[in-house]
Each structure stands twice: as C-alpha cells, then as structure tokens.
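Step one of this worksheet: look at the structure below.
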Amino acid sequence: MSLSAYKLLIVLLSLCSIAPVWGTQDEIKLLQHLNVLSSDQFSGRKFSSQGSLQAQSYLVSVLENLNVPPFNNQYLHAFTKSGFFQSKQGANVIATIPGSHFQDRYILLSAHYDHLGTKGGKVFNGADDNASGIAALLYYAKLLKQAPLKHSIILLFSDGEEVNLLGAKAFIEQQKNLLNNIRLNINLDMIAGSKHTKKLRFISKDLNKILNPEDLAKFDKFQASLKKRPNVHLTYGFRGRKRIGTSVNHINWLMASDHGVFSKAGIPFIYFGVGPHKNYHSEFDVYANINHQFFLSATDIIFQQLIYLDNAMVTQASLTIEAEKTTNSHHTLMHD
Ligand SMILES: [Zn+2]
C-alpha cells in the first residue's frame, strides 16, 4: 500500500465514524464517497494536479474493489492538453459493465471529477460540482455490477470539464469507432445543490433517435410520475442566466457540461443538474453545505430513469438489429 493509499484509508476510517446514519448501506457509502472526494485532501481536484491524481487513484481503487471491469483493459485514459508554453496531462477514468442482451450497444454514464483547485489559499472542494455526480456513478457501478442492464454501460469519470470540456473531447477523439454504438448519454453535473435546493433539473436532446413517439410519450409520463417526490422536484429546463457580481451571464445549457460534446458527436443525451446556486464555484461548495436528502433522492430518480430507458430502448434496438440482418442477407444474396 502506497503512502497516499494509506492516508486515504485513514480518511475513510475516520469518515465511517462521523457519517450520518441514513438509509441503506449503499446510500451511506454514496454519501461517504461524496464526503471523501470533496475533502481537503484532494485540494479541489484541479486539472493536471496532485489532487487530480489522488482523485484518479480513489476512483480506480473503488472500481477495482467493486470488480467493475476497466474499459478497453485500462481504467486510466490519458490525454494531453497542448498549450502555448507547456503541455499538460489529464486522464479520464473509464469502466464498463457488459449488458445482458446488447453487448455492443452502450449507454454512456458520465460525470466530471475535476474542479477548480485552490484559490488564494482556499480549497474549492466542489462537493456539488461535481463530487456529487461521480459519487452517484460509483453507487450505480455497484448496483449495475450486481444486476447488469440489457445494454452495456460505460462509466466515464471525465477530467478537464472545467477546462473547456477537455476530457469529453478526448473521449470522443479516442473512441471514434465506438460512437455509432453509443445509444444514449446520461450526464450528471451538480446533483446535490445547496441546503435549499429542491429542483433537479434536466434537459435532453435527440431522444427520438432511440424511442418512437409512443414510447417517448410513455417516458414523459414516467418522468411526470417521478415529480411527486417529497425531497426532489424533477423539472424540465434550466434558468437561462447566472449572476456573477453585477454582471449577468447567459448560459448555453446545451454546452454547459460534457453532454454538449457528446451531442455534437450525434449521441442523444439527458443532462441532470441543479444549475447555479449560492455556493456554486466558491469555497463554500463543501460537503456540509449540500442538501443530503435531496442528493439521495436525486441519485435514485436518475437511476430509475436509466433502468426505464434501458428497457424502453429494447424495442428500437431489436428493430435495428432485425433491419441490419435483413440488409446483410440482401447483400449476401446480391453477392451470390
Ligand atoms: Zn460541473
């Protein structure tokens, strides 16, 4: 065990004693992941920093312990950001869980693990942004390993989102051959909010590529049925502006996080997040200031939508496979 791994173990053990006792063992673990990943030890997980390397080894060690296989035989997928004066190294952490029915058709679950690092001696811990998203992905990894979906899953913990979506762009560049087989992206970026957060917001695009109009309407109904939760209100759309000091910036939500890059590559997506709040991109985005109950419920209702879509996409997937078979047999006939 390396020194840093040993330090991590100590942090984990100390957190076990202070973690609030809520819900199932898996939910306690989920909160612990968020707590650890947003602790000062990771120094704000800045792109290409020591804290980033520590976050990578934490993610890898959890995935290894869960026996979740690495993607293309490795968890770390390095990429280079070339700059005017110097190049910097980043790495996506990627795992995969083969599907029970459609092994070569993928649902890409993504969340960025990088954040802003330290500023003026203060650690920007990024508990909501986006330790919440990666903790949820680790939680899903455990559940999906136990009960695989019909489609194969890619778990992408992306790097460099805060630096112009670098990790997502590197993924697209490195996996060109796979893009046609990625049917859907579900992107999580900020799903724990601040103390007063009630709304889990989402936007989606191109879902009509994976669901016919009838199934799409059924999915809308399913989402509506999830709206009545006590702790979290599932809401379509984001507010268009955020106030920074006295200036108001308009946000292009399509390109606000990694899903924008995947969408440009033609992949349908749903993006879940809470939007900017008072602790957003500040030193106050810490574990104590998130809405813990909201986070647990949000993680759960996103998972339910994943399960729903995995099943709903089956009709479309079977039809496509039939169509491909027919085309192939036509080709064979013609060549004969
Ligand atoms: Zn973010």
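The values are calculated or read from the model by the stated rules, or taken from the named source; none is laboratory data. Fair warning: this is a prediction, and the values are worked out from it, not measured in the lab. As a convention, Cβ positions derive from the backbone with ideal geometry for all residues, glycine included, and neighbour counts pool all protein chains shown. Side chains are part of the model used for accessible areas, which takes the heavy atoms of the whole protein and leaves out ligands, DNA and RNA. Shrake-Rupley method; radii C 1.70, N 1.55, O 1.52, S 1.80 Å.
Which order do Asp220, Asp206 take when ranked by solvent-accessible area (1.4 Å probe, heavy atoms of all protein chains), largest first? Present the calculation step by step, with values, prior to reporting the outcome.
Working: Asp220 90, Asp206 45 Å².
Ranking Asp220, Asp206 by accessible area, largest first, yields Asp220, Asp206.
Mind checking the dipole of region 54-199: about its Cα centre, +1 per Lys or Arg Cβ, -1 per Asp or Glu Cβ, Debye to the nearest 20?
It comes to approximately 280 debye.
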For a quick check of understanding: with a 1.4 angstrom probe and all protein chains in place, what accessible area in square angstrom does Tyr139 have, to the nearest ten? 30
How far apart, in nanometres, would the label points at Gln74 and Leu179 be if each is projected 7 angstrom from Cα along the Cα-to-Cβ direction? 2.2
For region 127-214, what is the accessible area per residue in Å² when the probe is 1.4 Å? 34
Charges on Cβ only, +1 for Lys and Arg, -1 for Asp and Glu, centred on the Cα centroid of region 159-310; of Ala217, Ala288, Gly167, which one is farthest towards the dipole's positive end? Ala217
How far is the Cα center of region 280-299 from the Cα center of region 21-50, in Å? 11
Residue by residue through region 56-64, the couplings from Karplus 6.51 cos²θ - 1.76 cosθ + 1.60 with θ = phi - 60°, in Hz, x for Gly and Pro, are 4, 5, 5, 4, 4, 5, 5, 4, 4
Using a 1.4 angstrom probe and counting only protein chains, how large is the accessible area of Thr197 in Å², to 10? 20
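Students sometimes get this wrong: rank Leu108, Leu143 by accessible area, probe 1.4 Å, all chains present, largest first. Can you show the working numbers first?
Details: Leu108 0, Leu143 35 Å².
These residues rank, largest area first, as Leu143, Leu108.
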If the label point is 7 Å along Cα→Cβ of Phe284, which residues in region 120-162 have backbone nitrogen under 20 Å from it? 120-132
How many angstrom lie between the C-alpha centres of region 188-243 and region 86-134? 21
In Å², nearest 10: area of Val274 left accessible to a 1.4 Å probe: 10
